[in-house]
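Take a look at the structure below.
Readers should treat all values here as calculations from the given coordinates under stated rules, not as data from a laboratory. Treat the numbers as computed from the prediction; the structure is a model and nothing was measured. FYI the Cβ positions are ideal-geometry reconstructions off the backbone, even for glycines, and counts take in every protein chain you see.
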Amino acid sequence: MFKYRFSRKDMKTLRDWIHCNIDPDIRVKRGRRFECDIDEEIIFIKNKKYCKLDTFFSTWYKRQEFYTPIHYTLICILHEIGHIMTKDDELLENGYKLNCIYNFMYQQNVLGEAELNDAYFAIPSELLATKWAVEYFKNNRESCCELAEMLGLFDLE
């Protein structure tokens, strides 16, 4: 089986860990990318493979004052959970609007690809989810590292 793909066992491990450590109502499904259906409390998990677009987040994240070294896939998982744990309808609505504006600016060549991604990561609802992920990791480092090891994340950096 493809080593970068989350196996059924990995998905069960992740689901059980989230239910035990964070919230038993959060559902976990496979997806094409890391994303979240906040209202339905579903996080979508892509594969473990690091790709070009992931470098935009990594570069942005390393420049933040709250930067803490965390395996890329793990922070992505925690970030998606962070959306659920920090849900704020007004912030989300503003975030959708800002995302549309930034994408329009990108289509008009006002923003480059890196600038578009930096602007997206700084949207208040996105920033809040990332900060939640970092704080959760810092407060639960041992458990998070155990999860990363169970999912085989450390050997894929």
Per-residue ³J(HN,Hα) for the range 119-131, Karplus 6.51 cos²θ - 1.76 cosθ + 1.60, θ = phi - 60°, Hz, x for Gly and Pro: 5, 4, 5, 8, 4, x, 5, 6, 4, 4, 5, 5, 5
Neighbour net charge for MET85 - beta-carbon separation under 12 angstrom, K R +1, D E -1: -4
Over the range 71-157, volume per residue of the alpha carbon convex hull, in Å³: 94 Å³
Lysine-lysine proximity count for the range 8-148, Cα under 22 Å, sequence distance 8 or more or distinct chains: 26
³J(HN,Hα), Karplus 6.51/-1.76/1.60, whole Hz, each residue of the range 5-19, x for Gly, Pro: 8, 6, 7, 4, 5, 4, 4, 5, 4, 4, 4, 4, 5, 4, 5
Helical mean residue ellipticity (222 nm; -39500 (n - 2.57) per DSSP H run of 4+; nearest 500) of the chain: -19000 deg cm²/dmol
Alpha carbon convex hull of the chain, projected area averaged over orientations, nm²: 9.3 nm²
Net charge of neighbours whose Cβ lies under 9 Å from the Cβ of TYR106, counting Lys and Arg as +1 and Asp and Glu as -1: -2
Cut-off under 5 Å, modelled amide H: who pairs with CYS36 long-range: PHE44
Nonlocal amide H pairs with ARG27, under 5 Å, H built at 1.01 Å: ILE42, ILE43
Choice from PHE34, PHE44, PHE104 with maximal GNM fluctuation in the chain (Cα, 10 Å cutoff): PHE104
Phi to ³J(HN,Hα) by Karplus 6.51 cos²θ - 1.76 cosθ + 1.60 over the range 33-47, Hz, x for Gly, Pro: 8, 6, 7, 9, 9, 5, 5, 8, 6, 10, 9, 10, 10, 8, 6
Packing-based order for 80-93, 58-71, using average beta carbon neighbours within 10 Å, highest first: 80-93, 58-71
Charged-residue dipole, Cβ positions (Lys, Arg, Asp, Glu), the range 8-148 about Cα centre, Debye nearest 20: 840 debye
Two-site FRET efficiency, LEU53 against GLU142, from Cβ-Cβ distance with R₀ of 22 Å, rounded to 0.05: 0.15
